[in-house]
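What follows is a set of notes on a single structure, which appears directly below.
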Amino acid sequence: MSAAEEAIAEGHEAVEAVPKRAMTLGTGTSLVVLAALLVVPMFVKNFIIFQMTMLLIYGLAVLALNILTGGSGQFSLGQSAFYAVGAYTSAVLMEHANINYALTIPVSAVICFGFGYLFGKPALRLSGIYLALATFALATAMPQLLKLNFLEHWTGGVQGLVVTKPDAPFGLPMSQDMWLYYFTLAVTVAIYIFSVNLLRSRSGRAFMAIRDNEIAASSMGVNVALYKTLAFGVSAGITGVAGSLGAIAVQFVAPDSYTITLAISLFLGMVVGGVGWLPGSFVGAAFIIFVPNMAESISKGLSGAVFGVLLFLVIYLVPHGARQVAIFGQQLVGKLRKN
Amino acid sequence: MELFTNQVLAGIATGAIYACMALAVVMIYQAIDHLNFAQGEMAMFSTFISWQLMQWGVSYWAAFLMTLAFSFVAGIAIERILFKPLAKAPVLTNVAGFIALFAIINSSAGLIWDFTIKQYPTPFGSAPFLGSQLISTHQAGMIGVTVALLLALYFFFQYTRIGLAMRAAASVPESARLVGINTSWMIALGWGMATAIGSIAGMLIAPVVFLEPNMMGGVLIYGFAAAVLGGLSSPFGAVVGGFLVGVFENLAGTYIPGVGNELKLPIALALIVSVLVVKPAGLFGRQIVKRV
Amino acid sequence: MLFEKTLRAAALVTATAAVTLTSGAALAQKKYDTGASDTEIKIGNIMPYSGPASAYGIIGKTEEAYFRMINDKGGINGRKINFVTYDDGYSPPKAVEQVRKLVESDEVLAVFNPLGTPSNTAIQKYLNAKKIPQLFVATGATKWNDPKNFPWTMGWQPSYQSEAQIYAKWLMKEKPDAKVAILYQNDDFGKDYLKGTKDGLGAKAASMIIMEESYEISEPSIDGHIVKIKAANPDVLLIYTTPKFAAQTIKKTAELNWKPLQILTNVSISVGSVMKPAGFENAQGVLSAAYAKDSTDPQWANDPGMKRWHEFVDKYMPGADKSDTSMVYGYGAASTLAKVLEMCGDDLTRANLMKQAASLKDFAPDTLLPGVKINTSPTDFAPIAQLQMMRFKGERWELFGEIISGDIASQ
């Protein structure tokens, strides 16, 4: 194959372009969803609140991946590494240095941002399959690193660390679960608004330019290296925050919690939610939390197979993820309005 | 010095496993331009089929050939039924499809044959090879079969019409269609061949690592790494890559103090990534020049 | 006169009856916590039915079948056992989610035989805070025997450290000058064995142990590690690995024509799943220790306990692989729970459940070795603490020596 033929063979892009305006929900829908998220916990059991908290947390992690892949076109199978760093940062600070849980969140964000930025630098020359392999290497390395003997004093080694769940402050009359849920919700909303604004800003446009055609972007003056590493940094930072919240919600961190399976689940969440569509992150998170449970209740012995079949059904019906459903819904509403 | 040679030899022996798997990976990449995560599981399932046939009394070679045929057909069937509908879908959606296939095959194998390990026979015997205790006759046989496969693939792609048609379909689909090549069926053929090669890999690997549903998980990662290191467009590179990864991993585990043993896989992968930064298309791959 | 006497007698009888009945009722007053009722006892469980440890899922299936058998026989004290088991995929966050579901959604009385040290560590604080029994934990980690700090958590099988200490003490007695190499899995299981060995060898650990080689469960084959260990030329190889790697190790040492004394962890002693694939001829002379009977061992062919086990498997798990030691394990653990529930009588509160579990005296389930008995007390939360060593000869394990006690309290 000659070089020219190779280039044409690059046919369809690795990541499809999502138009900017379609990246978020309309204001009306957003407010309705937010209201539901605020009110529902007051009427359900603690266990459901716990599941909703986990949904927000995984939604955040998928959101971060969406910014990286859907936004800047960089394929990552290594998000579990950043999630783990965030989780352990919070755990270590809370258990060894007695720092308040809320303060560990920004620390975790900064550390993970730095970590992501540093990883993004050597990854600049890689793309597609090769970047996937590099991020995969990171994800498999992380549990091993966490088990290293000389870090054992801080990380707890293979035994992990137990994390203390905080009580509601100021003696508010709510359970630990409910307080943690509202705390998580506040953080999630803040990060969501930040992400939407990021993608609408100059940086966001730079990301998308790089995603759609890196060489064209570079020739237009976009500092490709800076924005690619920035995307990694931001994505890692948000994933780290999700990891911290996860550590507090589950009350435990261990190397076994942050394996490549988590990275693959987050990837699936992104695809099911719709690559590049931020609200879809939460739909994707719901998929990866609840569908395995559904599969298990259908068949314990074949739970993996049932999950695979359900996943196939979803990607056949909506290859572009939940975004497709939302667009369809929007069109439907539009039609009804005309009538 | 003796330890060094021993580890190199042992590394070549393990590397043969990776090389075998890497060939299947390169095969599928040639056909569809992606890596199939479920490749390892399909190889495992094929190996179980051959094991089951032998449990039912079929002889080793008869089971081998029947499994080869079954894998070829199954590969084509899976592509036609499950992945052809996704041809127009985005790449990432296809990757999700591979992951789904992985889950289905792994879970089904676990249900049918459960998770305890099974012994798997080898046609080469397990005696020391040429007196060396480090490479058994089986492992030598494995290396031999891998090299033979490599030569066969090379011959297929360079000198047969179908091989040429497949390469055309993968690299310049529009032009290929213009000359009457059915690109869609070329993809199916690629899947069939990759699955068949994978089954050979599985049947060679099982005697060493023992047969069980989770047997290929670790091997697949190494297979990917080896294929990428060698260059995804080069079967020769894949085989060399496999041996290199095997040897390097063993040496890293033996000689890097402290963490070398615990970080064998990450170190191996880090090495590969560093090679990629210098040679983005792998050691023997063709340079990709992007046209704006 | 007679009428008066009869009346008085009748009154006396009625009064006595009334007193007896009411005081009897007061004594036999039924007390229930969530999950128990007149008709059923709900027991929760988590197992890795998927993921890297899925080979252990059969334990959960065995226990489910066992409770079905109990129910078919009328249940325990007239109540049926409702066994609810969920998959945690050997992932701690999933374990937390599933246990919370069991407790808050399914409302079980207790969590029985949850498997895996990471999963159990994750749920221990939660269950103790909620005062729910974490009973007969399915891991050999030593930390479950800590009634002072975790009064609601109790182990079952002999701890890994106590088993390792038994090997260490045997080595010091039989081979005090040996050079020892240790191959261990790099996780809580392997590391616990490593610690037990070092503690058991005490002052001699530094001089006797010449190599500690770890491996990851994700590695396809450990042949490279064996080559490395052989180069150091130890006399004894301690194999602290899960079944697949144990088989690979035994096969490889034979292939390398190297014959150290190999001591194997109890976790990997299955004749069908380890020794046979490794090759019987390669496994001669391998040592280990056991606390349960081997289902393939002909010496138990007429043992009444194992006969009952065979009947159970034939009827309730037809087609299952009888050589899988996990099935013997599941049966033993489930029968221990059945005994404790029986001892509770009509007081099915969680506190009483723990109290009865801590009062087992010389209980011998069908499947334990003769001489190995279950004993617990308020300060001893390690039900099984005895093992007997055995040597692999021909196609089976041959027990030798005395029943050794290896009680280790949590540190």
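The values are calculated or read from the model by the stated rules, or taken from the named source; none is laboratory data. For clarity, every value in this text was computed on a predicted model and none was experimentally measured. Quick reminder, even Gly has a Cβ in these numbers, built from the backbone with ideal geometry, and neighbours come from all protein chains shown.
For every residue, the table says whether it meets (1) crowded, with 24+ Cβ neighbours inside 10 Å; (2) within 13 Å of A:GLN79 (Cα to Cα); (3) within 12 Å of chain C (Cβ to nearest Cβ); (4) at pLDDT 85 or above.
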{"site": "A:LEU230", "(1), (2), (3), (4)": "no, no, no, yes"}
{"site": "A:SER235", "(1), (2), (3), (4)": "yes, yes, no, yes"}
{"site": "A:GLY240", "(1), (2), (3), (4)": "yes, yes, no, yes"}
{"site": "A:GLY246", "(1), (2), (3), (4)": "yes, no, yes, yes"}
{"site": "A:PRO255", "(1), (2), (3), (4)": "yes, no, yes, yes"}
{"site": "A:THR261", "(1), (2), (3), (4)": "no, yes, yes, yes"}
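Within segment C:105-127, residues that are within 8 Å of chain A (Cβ to nearest Cβ) reach partners that are of a type in the set (Asp, Glu) and not in a loop (DSSP other than H, G, I, E, B) with beta carbons closer than 6 Å, at six or more positions or on different chains, in the pairs C:THR117/C:ASP188; C:PRO118/A:ASP256.
For segment C:336-356, a residue qualifies if it is small (Gly, Ala, Ser) and surrounded by 24 or more Cβ atoms within 10 Å (Cβ to Cβ), but none of them does. Kindly indicate which of B:GLU262, B:GLU249, B:GLU212 is without any contact (Cβ under 8 Å) to a residue 12 or more places away in the chain and acidic (Asp, Glu). Exactly one of B:GLU262, B:GLU249, B:GLU212 is without any contact (Cβ under 8 Å) to a residue 12 or more places away in the chain and acidic (Asp, Glu), namely B:GLU262. Looking at segment C:358-411, which of the residues that are assigned to a loop (DSSP other than H, G, I, E, B), of a type in the set (Val, Ile, Thr) and under 19 Å from C:GLU342 (Cα atoms) is farthest from the chain's Cα centre (by Cα)? If we take residues in segment C:358-411 being assigned to a loop (DSSP other than H, G, I, E, B), of a type in the set (Val, Ile, Thr) and under 19 Å from C:GLU342 (Cα atoms), then C:THR376 is farthest from the chain's Cα centre (by Cα). Among residues of segment B:212-231 being out of contact with any Asp or Glu (no Cβ under 9 Å at 6 or more places or on another chain) and at the interface with another protein chain (Cβ under 9 Å from one of its Cβ atoms), the one that is surrounded by the most Cβ atoms within 10 Å (Cβ to Cβ) is B:VAL228.
Conditions tested, residue by residue: (1) under 25 Å from C:PRO52 (Cβ atoms); (2) within 14 Å of chain B (Cβ to nearest Cβ).
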position	(1), (2)
C:TYR193	yes, no
C:LYS198	no, no
C:LEU201	no, no
C:LYS204	no, no
C:PRO220	yes, yes
C:LYS230	no, yes
C:LEU256	no, yes
C:ASN266	yes, no
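Each row is one residue, and each column tells you yes or no for (1) out of contact with any Phe, Trp or Tyr (no Cβ under 6 Å at 6 or more places or on another chain); (2) small (Gly, Ala, Ser).
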{"residue": "C:ASN113", "(1), (2)": "no, no"}
{"residue": "C:SER119", "(1), (2)": "yes, yes"}
{"residue": "C:PRO147", "(1), (2)": "no, no"}
{"residue": "C:PRO151", "(1), (2)": "yes, no"}
{"residue": "C:GLY155", "(1), (2)": "no, yes"}
{"residue": "C:PRO158", "(1), (2)": "no, no"}
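Within segment C:34-57, the residues that satisfy the criterion of being aliphatic (A, V, I, L, M), in contact with a strand residue (DSSP E or B) (Cβ under 8 Å, 6 or more places away or on another chain) and within 11 Å of another protein chain (Cβ to nearest Cβ) are C:MET47, C:ALA53. Could you look through segment A:88-109, keep only residues that are among the aliphatic types (A, V, I, L, M) and not in a helix (DSSP H, G or I), and pick out the one that is surrounded by the most Cβ atoms within 10 Å (Cβ to Cβ)? Going through the qualifying residues, I end up with A:ILE99. Determine whether A:LEU138 is at the interface with another protein chain (Cβ under 9 Å from one of its Cβ atoms), under 26 Å from C:GLU219 (Cβ atoms) and surrounded by fewer than 20 Cβ atoms within 10 Å (Cβ to Cβ). The answer is no for A:LEU138.
Only one entry in A:GLY120, A:GLY116, A:GLY128 is buried (at least 23 other Cβ atoms within 10 Å of the Cβ), out of contact with any strand residue (DSSP E or B) (no Cβ under 8 Å at 6 or more places or on another chain), within 14 Å of chain B (Cβ to nearest Cβ) and touching a residue at least 40 places away in the same chain (Cβ under 8 Å), namely A:GLY120.
Taking helices (runs of 4 or more DSSP H) as the structural unit, those lying wholly within segment A:248-339 and holding at least 2 residues that are among the basic types (Lys, Arg) and over 29 Å from B:LEU111 (Cβ atoms) correspond to A:322-338. Mind checking whether some residue in segment A:81-99 is of a type in the set (A, V, I, L, M, F, W, C) and under 23 Å from A:ALA322 (Cβ atoms)? No, because not a single residue in segment A:81-99 is of a type in the set (A, V, I, L, M, F, W, C) and under 23 Å from A:ALA322 (Cβ atoms). The listed residues are B:MET54, B:MET1, and the only one of them that is more than 10 Å from every other protein chain (Cβ to nearest Cβ), farther than 30 Å from A:LEU131 by Cα and modelled with pLDDT under 90 turns out to be B:MET1. Given segment B:193-292, what helices (runs of 4 or more DSSP H) lie entirely inside it while holding 1 or more residues that are on the phi < 0 side of the Ramachandran plot and of a type in the set (S, T, N, Q)? Qualifying helices (runs of 4 or more DSSP H): B:235-255, B:264-278.
Identify all residues within segment A:263-304 that are polar (S, T, N, Q) and away from chain B (no Cβ under 12 Å); write none if there are none.
Residues satisfying the conditions are A:SER281, A:ASN293, A:SER297.
Per the listing A:LEU138, A:LEU185, A:LEU146, A:LEU199, the residue uniquely of a type in the set (A, V, I, L, M, F, W, C), at pLDDT 85 or above, part of a helix (DSSP H, G or I) and touching a Lys or Arg at 6+ places or on another chain (Cβ under 8 Å) is A:LEU199.
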